[in-house]
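The values are calculated or read from the model by the stated rules, or taken from the named source; none is laboratory data. Keep in mind that what you see is a predicted model, and the values were worked out from it rather than measured. Every residue, glycine among them, receives a Cβ derived from its backbone with ideal geometry; neighbour counts consider all protein chains shown. Side chains included, ligands, DNA and RNA excluded: accessible areas come from the protein's heavy atoms. Shrake-Rupley method; radii C 1.70, N 1.55, O 1.52, S 1.80 Å.
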Amino acid sequence: MVIPDLSERLSSNSPLAKLDSRLVFSFEMMPPRTEKAVEPFFTALNDLLRVRPNFISITYGAGGKDRSNAQGLVTTLVNDSPTHPIAHLTTVGACREEICTVIEGYLDQGVRSFLALRGDPPVEQPDWQPEPNGVRSAAELVSLIRLIEARRKARHPGWVLRDAVQPLTIAVATFVNGNPQTGTSQAQEIDNLLVKQEAGASLAITQLFWEPELYPQFVDRARRAGVRIPIVPGVLPPVSAKRLARVGELTGVQAPEPLLQQLQSAKDETAEGIAAGAELARALVDAGAPGIHIYTFNKSEPALRLLAGAGLLEAPYRKVA
């Protein structure tokens, strides 16, 4: 599906509230897949933009199947919003030449931030493997982005200046307690992070986790191993036990049984879940997190209520009619 007139859907409303300026805040959104989802998506996007986050990340979807919508959204955010986007890139579903074309296109449009991921194999191809000359890992993708940028800088001095003014930023993903889907341990995730750092990664964003103590433990162990880049915790507003069960199926990261029981027994499951998410976010900031990255599932209100509940909005969040 191609979404028309993207730029006209972004509003220029004044901020709803101000985020804590000492920290970095970001939201992840998924491109709408149907015409029916377009208006709710842009309503949520505008609500999030009105708190002036540091960036919005736009996903590719499994196997890169949302690629064209993602590229349109990222380009629109670059040109028409006060918040810079992070463009997701995956190695799955495209050959090296296609990936290079996408990177070149993003750079041409002024994109200066990427999230480099290996990506999930297509559902119909669980044993997917890259082509012999393909990009095999997130670290290789980081290296490829850096190589393309270096070649552009060698061709024209304007790109050297651009990189000085707007440095190229490449984020990568990590799991604080190992990746259940691939069977990596925490130690292996740190080793992978070191490889990505050596390839040119600028920062890491954690995938989902529920126990706040895992984050400082992981960061401390990573620092002692030589990881220098910032590590930003990713948080999902746990708005319902059903949602958490589905997320567990998709990621392999299971929500703790006490949290599930807490939600199931609550009179207001959403409010209870947002309060639990706010408690997690506050604990992470108190443990030294440099910011919070929120997986929104394209819903703005839970994300903003979570930040407000954690005391990270300098003015109370109020839903706009």
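Filter the range 212-239 down to residues that are open to solvent by 20 Å² or more (accessible area, probe 1.4 Å), more than 17 Å from PHE114 (Cβ to Cβ) and modelled with pLDDT of 95 or more, then give me how many there are.
13
Against the conditions (1) surrounded by 15 or more Cβ atoms within 10 Å (Cβ to Cβ); (2) within 19 Å of the chain's Cα centre (by Cα), LEU250 satisfies every one except (1).
Give the range 278-293 a look and list any residue that's among the β-branched types (Val, Ile, Thr) and surrounded by fewer than 24 Cβ atoms within 10 Å (Cβ to Cβ), or say none.
Selection gives VAL285 alone.
Of all residues in the range 145-162, those that are in contact with a strand residue (DSSP E or B) (Cβ under 9 Å, 6 or more places away or on another chain) and open to solvent by less than 40 Å² (accessible area, probe 1.4 Å) total 1. Of these, SER57, SER11, SER68, which one is open to solvent by less than 60 Å² (accessible area, probe 1.4 Å) and either at pLDDT 85 or above or assigned to a helix (DSSP H, G or I) (or both)? Checking each option against the conditions leaves just SER57. Restricting attention to the range 253-270 and to residues that are small (Gly, Ala, Ser) and either under 24 Å from the mean Cα position of the chain (by Cα) or more than 21 Å from PRO212 (Cβ to Cβ) (or both), the residue that is least open to solvent (accessible area, probe 1.4 Å) turns out to be ALA255. Would you confirm whether or not the range 239-260 contains a residue that is under 24 Å from SER21 (Cα atoms) and assigned to a helix (DSSP H, G or I)? Checked against the condition, which is being under 24 Å from SER21 (Cα atoms) and assigned to a helix (DSSP H, G or I), the range 239-260 yields no hits at all. For the range 18-40, indicate whether the set of residues that are under 22 Å from LEU168 (Cα atoms), acidic (Asp, Glu) and out of contact with any Phe, Trp or Tyr (no Cβ under 7 Å at 6 or more places or on another chain) is non-empty. No: the range 18-40 contains no residue that is under 22 Å from LEU168 (Cα atoms), acidic (Asp, Glu) and out of contact with any Phe, Trp or Tyr (no Cβ under 7 Å at 6 or more places or on another chain). Answer yes or no as to whether PRO82 is outside any strand (DSSP E or B) and modelled with pLDDT under 90. Yes; evaluated as a whole, the condition is true for this residue.
For LEU284, indicate whether it is free of Cβ contacts under 8 Å to residues at least 40 places away in the same chain and outside any loop (DSSP other than H, G, I, E, B).
Values: free of Cβ contacts under 8 Å to residues at least 40 places away in the same chain: no; outside any loop (DSSP other than H, G, I, E, B): yes.
The answer is no for LEU284.
Find the residue count for the range 127-154, including only residues that are farther than 29 Å from TYR215 by Cβ and either at pLDDT 95 or above or touching a helix residue (DSSP H, G or I) at 6+ places or on another chain (Cβ under 9 Å) (or both). So the answer is 15.
Restricting the range 163-177 to residues that are crowded, with 17+ Cβ neighbours inside 10 Å and not β-branched (Val, Ile, Thr), the residue that is farthest from GLU198 (Cα to Cα) is ASN177.
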